[in-house]
Amino acid sequence: MDAIGFNDLHPVLQALLATGFTWGMTALGAATVFLTRTVSRKLLDTMLGFAAGVMMAASFWSLLAPAIEMADEVSPLPMWLPPLIGFLAGGVMLRGLDLVLPHMHLDAPEGAAEGLHTTWRRSVLLVLAITLHNIPEGLAVGVAFGAAAAGLSSATVAGAIALAIGVGIQNFPEGLAVSMPLRGEGLSRLRSFWYGQLSALVEPVAGLIGAAAVIVARPILPYALAFAAGAMIFVVVEEVVPESQSNGNKDIATMGAMIGFAVMMVLDVALG
């Protein structure tokens, strides 16, 4: 789509299109299940490390740094306080969802589901685990486009696009990380793909909510951006990094994280 035409769209529609792209990248990653039944664990851990690096960089460059600048423009409080409140609230919300929503991490043994007790199948619990950390990603993209619409110097459409590109890039290995284990457990290729892409459908929903909320209530912008950052950091530390480091591939997973951080930093600085 032409860049000028995209800039002229309503920010909620921009957020919908951007999160549609991030969902599409998850679906593309999940579609690799049609090409092969298994993937190298070393490659998967490298890609998960890359995803962690992208999410960490996006949390600072695209969310926390603008939140701090915006707090000085829209809030009478000390400029560090709204981002601090939002950041911690994001982590608390994800922890609350972690305790309530039934889910299971990819390498967890049978019967090691987290959240409220349920008799749901393991495949559903695996998808819910990825869905849980797609919520802050969609929210982050939506809030970024809503912030750009507010006309503040620290938020631009280009910066929001950079964030969406970064989230989309790291969604590819996430889609793969869902579909491949499901295929390994005996599900058909089609069902493995279906569950893999399904885990990211929450992103457009969260994106729409984030964009609409900050457009309606401009003073919550620094809180909302920092909230998304806190939720993303919680997911990285609680799930993505441990997952990438638990199979004997620590060094290469760490290098993947370094590269992911660098890619997202360059995207944000170059486009934002």
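The values are calculated or read from the model by the stated rules, or taken from the named source; none is laboratory data. Remember, predicted model here, so these are calculated numbers, not experimental data. Note that we place each Cβ from the backbone using ideal geometry, even for glycine, and neighbour counts take in every protein chain shown. Accessible surface is based on the protein model in full, side chains and every heavy atom, while ligands, DNA and RNA are left aside. Shrake-Rupley method; radii C 1.70, N 1.55, O 1.52, S 1.80 Å.
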* Two-site FRET efficiency, Ser40 against Ser188, from Cβ-Cβ distance with R₀ of 22 Å, rounded to 0.05 -> 0.50
* Asked: Where is the GNM fluctuation largest for the chain (alpha-carbon springs, 10 angstrom cutoff): Pro66, Pro173, Pro242?
  -> Pro242
* To do: Please work out the FRET efficiency for the pair Ala262 and Asp72, using the Cβ-Cβ distance as r and a Förster radius of 22 Å; give the result to the nearest 0.05.
  => 0.20
* Kindly give Rg over Rh for the range 40-88, based on alpha-carbon atoms, with the Kirkwood expression for the hydrodynamic radius. => 1.26
* Could you work out the Rg to Rh ratio of the range 202-246, with Rh taken as the Kirkwood radius (inverse of the mean 1/r over all Cα pairs)? => 1.13
* Debye intensity ratio I(q)/I(0), log10, the chain, q values 0.10, 0.13, 0.16 Å⁻¹ (C-alpha model) -> -0.47, -0.79, -1.16
* **Percent accessible area from carbon and sulfur atoms, the range 118-269, protein chains only, probe 1.4 Å** => 73
* Sorted by average packing, counted as other Cβ atoms within 10 angstrom per residue and highest first, what order do 26-37, 248-259 take? -> 26-37, 248-259
